[in-house]
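Just dropping this structure here.
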Amino acid sequence: MAYFESVNKIQYEGPKSTNPFAFKYYNPEEKINGKTMEELLRFSVAYWHTFTANGSDPFGVGTAIRPWDHLKGLDLAKARVEASFELFEKLDVPFFAFHDVDIAPEGSTLKETNKNLDVIVAMIKDYMKTSKVKLLWNTANMFTNPRYTHGAATSPNADVFAYSAAKVKKGLEVAKELGAENYVFWGGREGYETLLNTDMKLEMDNLARFFHMAVNYAKEIGLNVPFLIEPKPKEPTKHQYDFDVATGLAFLQKYDLTDYFKFNIEANHATLAGHTFEHELRTARINGMLGSVDANQGDTLLGWDTDEFPTDLYTNTLAMYEILKNGGLGKGGLNFDAKVRRGSFDTDDLFHAHIAGMDAFAVGLKVANKLIEDKVLDGFVEERYSSYTKGIGLDIVEGKTNFRELEAYALGLTEIKNTSGRTERLKALINQYLLETL
Ligand code: XUL
Ligand code: CO
């Protein structure tokens, strides 16, 4: 059965097109530096926002009108699978991502839940046989059910730790079964509400123990994929342990986990942490830890995780700059962890939203590539740090000097001359490239 009958396969029609169901900038086959846009951007649809969510918010019930709404239980889950593959193919996206509870209903016991999951995973596997769509990553939802109220692997209750282990064990088996490219850990409730009742050290040690057990089990079943931590500072927990990339990296280093983990960086999580998206991407990139991206955007007027579709060309350009500088995303992708606004309740909006995000990232890709090709920023940065390529600067970076020598050098200086950082000039250049590349 078709769920989006009025929508045909979305084609690239170019910037002059007025067809709302066409790509204006995303041309999957267009090559940039020998690679197609499809290969470089690796778009993914987030199952939870597009097929499971209904537009509810803390102040009101769902508004989304979906053709599968009348169904329940496994029938509903099956209809969503049918609808999802129809949408993937119509949008021509190469990847999707899901939490366990997005695809199959929870039963009254863990056994029943796993049985439901098996039914739907088998159905998805079947669909994947005749589709080009691959699983970018899956994950276990360990934040919605009340059992996780005090956390999952960081819960004070060992039974919850054990239950969470069982969920991730199953998740890793599902990843193996469906040939996932990555496996994600987002610590939604791995944090604390108040230190008054919290053994922070034990909780963090336990989280590390949990990750090591996951690594061991993946090895045991022959699942050889990057594990990705998705940092977020807060929401729903007041303080989350994987606050941002720097905090996550220190954690992975302390507990000897850097060989197995990278980061899945989400734009809106970056801004919630008081960083820019590109700051988080840069921090991961320069440490060799950039795994994948949850492509969305927040709202500077609101202080929470709004998960909007990423339509901001400027931010997408700076994000693609980091991704290209990283040599691409490897096994990662650009996963639209984004939801249509509550007022955009039609199924057509699901297409408009993805088209908007895909086009806006295609623009970002093109502009970032041009900025790199023309060494617009590189040239400037190289020059700005050129004092470290000769004389005392070279001695510093080569470790050939010390405080005594540097003091002697400083005493001999008659004048220190700085040069302008040219921030405004560089911003103007980016604007020029943005407008000219289109
Ligand atoms: C929540 C969020 C999650 C993760 C996966 O803010 O981003 O959906 O991406 O659990
Ligand atoms: Co996310």
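If E266 passes every condition in (1) within 16 Å of ligand 2 (Cβ to nearest atom); (2) charged (D, E, K, R); (3) more than 22 Å from A152 (Cα to Cα) but one, which one does it miss?
(3)
May I ask you to say which residue of A284, A267, A273, A362 is aliphatic (A, V, I, L, M), within 16 Å of ligand 1 (Cβ to nearest atom), in contact (Cβ under 8 Å) with a residue 12 or more places away in the chain and closer than 30 Å to E86 by Cβ?
The match here is A267.
Could you please give the count of residues in the range 132-163 that are under 22 Å from the mean Cα position of the chain (by Cα) and not in a loop (DSSP other than H, G, I, E, B)? Give the derivation first.
Here is the first cut: in the range 132-163, the ones under 22 Å from the mean Cα position of the chain (by Cα) are 132-144, 151-153.
Okay, now just the ones that are also not in a loop (DSSP other than H, G, I, E, B), so 134-139.
Residues meeting the conditions: 6.
Which pairs have Cβ atoms under 9 Å, sit 6 or more apart or on different chains, and link a residue in the range 186-215 that is in contact (Cβ under 8 Å) with a residue 24 or more places away in the chain and closer than 15 Å to P231 by Cα to one that is within 16 Å of ligand 2 (Cβ to nearest atom) and among the basic types (K, R)?
W186/K232; G187/K232; G188/K232; G191/K234
Do you know which of the residues in the range 218-263 that are among the aromatic types (F, W, Y) and under 30 Å from L301 (Cβ atoms) is nearest to ligand 2 (Cβ to nearest atom)?
Of the residues in the range 218-263, the ones among the aromatic types (F, W, Y) are 227, 241, 243, 251, 255, 260-261, 263.
Now restrict to residues that are under 30 Å from L301 (Cβ atoms): 241, 243, 263.
Numbers: Y241: 16, F243: 15, F263: 11 Å.
Per the stated criteria, the residue is F263.
One line per residue, one yes/no per condition, for (1) more than 17 Å from T52 (Cβ to Cβ); (2) away from ligand 2 (no atom under 16 Å from the Cβ):
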| position | (1), (2) |
| --- | --- |
| A83 | no, yes |
| L87 | no, yes |
| A104 | no, yes |
| K111 | yes, yes |
| V119 | no, yes |
| W137 | no, no |
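Which members of the range 240-260 meet the condition of being of a type outside the set (D, E) and either assigned to a loop (DSSP other than H, G, I, E, B) or within 15 Å of ligand 1 (Cβ to nearest atom) (or both)?
At the first step, the residues of the range 240-260 found to be of a type outside the set (D, E) are 240-241, 243, 245-255, 257-258, 260.
Across the range 240-260, the qualifying residues are Q240, Y241, F243, V245, G248, Y255, L257, T258, Y260.
Test G187 against the stated conditions and say whether it is on the phi < 0 side of the Ramachandran plot and crowded, with 17+ Cβ neighbours inside 10 Å.
yes
Continuing with this model, one more query. Counting only residues that are over 15 Å from P236 (Cα atoms) and either in a loop (DSSP other than H, G, I, E, B) or under 25 Å from the mean Cα position of the chain (by Cα) (or both), which one in the range 186-202 is farthest from ligand 2 (Cβ to nearest atom)?
D199
Tally up the residues in the range 342-359 that are over 19 Å from N8 (Cα atoms) and in contact (Cβ under 8 Å) with a residue 40 or more places away in the chain, please. Working first, answer last.
The initial filter retains those residues of the range 342-359 that are over 19 Å from N8 (Cα atoms), namely 342-345.
Now restrict to residues that are in contact (Cβ under 8 Å) with a residue 40 or more places away in the chain: 342-343, 345.
Residues that pass the stated criteria total 3.
Find the residue count for the range 366-401, including only residues that are surrounded by 10 or more Cβ atoms within 10 Å (Cβ to Cβ), without any contact (Cβ under 8 Å) to a residue 12 or more places away in the chain and more than 36 Å from the chain's Cα centre (by Cα).
Qualifying residue count for the region: 9.
Another question, if that's okay. Take the residues of the range 330-352 that are within 20 Å of F95 (Cα to Cα) and in a loop (DSSP other than H, G, I, E, B): which is farthest from ligand 1 (Cβ to nearest atom)?
G330
In addition: Under 7 Å between Cβ atoms, at least 6 apart or on separate chains: pull out the pairs that start in the range 141-160 with a residue that is within 20 Å of L195 (Cα to Cα) and end on any residue that is among the acidic types (D, E) and assigned to a loop (DSSP other than H, G, I, E, B).
G151/E190; A152/E190; A153/E190; T154/E190
If N296 satisfies every condition in (1) closer than 16 Å to F43 by Cα; (2) surrounded by fewer than 17 Cβ atoms within 10 Å (Cβ to Cβ); (3) among the polar types (S, T, N, Q) but one, which is the exception?
Evaluating N296 over (1) closer than 16 Å to F43 by Cα; (2) surrounded by fewer than 17 Cβ atoms within 10 Å (Cβ to Cβ); (3) among the polar types (S, T, N, Q) leaves (2) as the failure.
Checking the condition hydrophobic (A, V, I, L, M, F, W, C), within 24 Å of F345 (Cβ to Cβ), surrounded by 22 or more Cβ atoms within 10 Å (Cβ to Cβ) and at pLDDT 95 or above, which residue from A140, A77 passes?
One residue alone meets the criteria, A77.
Continuing with the same structure: When you look at N418, is it polar (S, T, N, Q) and not in a helix (DSSP H, G or I), yes or no? Give the derivation first.
Numbers: polar (S, T, N, Q): yes; not in a helix (DSSP H, G or I): yes.
It is true that N418 is polar (S, T, N, Q) and not in a helix (DSSP H, G or I).
Does A284 satisfy the condition of being modelled with pLDDT of 95 or more and under 26 Å from A362 (Cβ atoms)?
yes
Of the conditions (1) within 16 Å of G191 (Cβ to Cβ); (2) of a type outside the set (S, T, Y); (3) crowded, with 21+ Cβ neighbours inside 10 Å, D305 clears all except one; give me its number.
(3)
Taking V174, is it assigned to a loop (DSSP other than H, G, I, E, B) and aliphatic (A, V, I, L, M)? First the steps, then the outcome.
Details: assigned to a loop (DSSP other than H, G, I, E, B): no; aliphatic (A, V, I, L, M): yes.
Answer is no for this residue.
For residues that are hydrophobic (A, V, I, L, M, F, W, C), within 16 Å of ligand 2 (Cβ to nearest atom) and not in a helix (DSSP H, G or I), tally how many sit in the range 294-321.
At the first step, the residues of the range 294-321 found to be hydrophobic (A, V, I, L, M, F, W, C) are 295, 301-302, 304, 309, 313, 318-320.
Those still in the list that are within 16 Å of ligand 2 (Cβ to nearest atom) too: 295, 304, 309, 319.
Keeping just the survivors that are not in a helix (DSSP H, G or I) gives 295, 304, 309.
Summing the residues that are hydrophobic (A, V, I, L, M, F, W, C), within 16 Å of ligand 2 (Cβ to nearest atom) and not in a helix (DSSP H, G or I) in the range 294-321 gives 3.
Now a separate question. Please find, within the range 223-236, the residue that is surrounded by the most Cβ atoms within 10 Å (Cβ to Cβ) out of those that are more than 11 Å from ligand 1 (Cβ to nearest atom) and over 17 Å from the mean Cα position of the chain (by Cα).
The residue in question is L223.
Hey, any hits in the range 357-366 for a residue that's hydrophobic (A, V, I, L, M, F, W, C), touching a helix residue (DSSP H, G or I) at 6+ places or on another chain (Cβ under 9 Å), in a loop (DSSP other than H, G, I, E, B) and closer than 28 Å to T437 by Cα?
no
Tell me yes or no: at least one residue of the range 100-112 is touching a residue at least 60 places away in the same chain (Cβ under 8 Å) and under 22 Å from the mean Cα position of the chain (by Cα).
Looking for residues that are touching a residue at least 60 places away in the same chain (Cβ under 8 Å) and under 22 Å from the mean Cα position of the chain (by Cα), one finds at least one in the range 100-112, hence yes.
The values are calculated or read from the model by the stated rules, or taken from the named source; none is laboratory data. A quick note: this is a predicted structure, and the numbers were derived from the prediction, not measured. Every residue, glycine among them, receives a Cβ derived from its backbone with ideal geometry; neighbour counts consider all protein chains shown.
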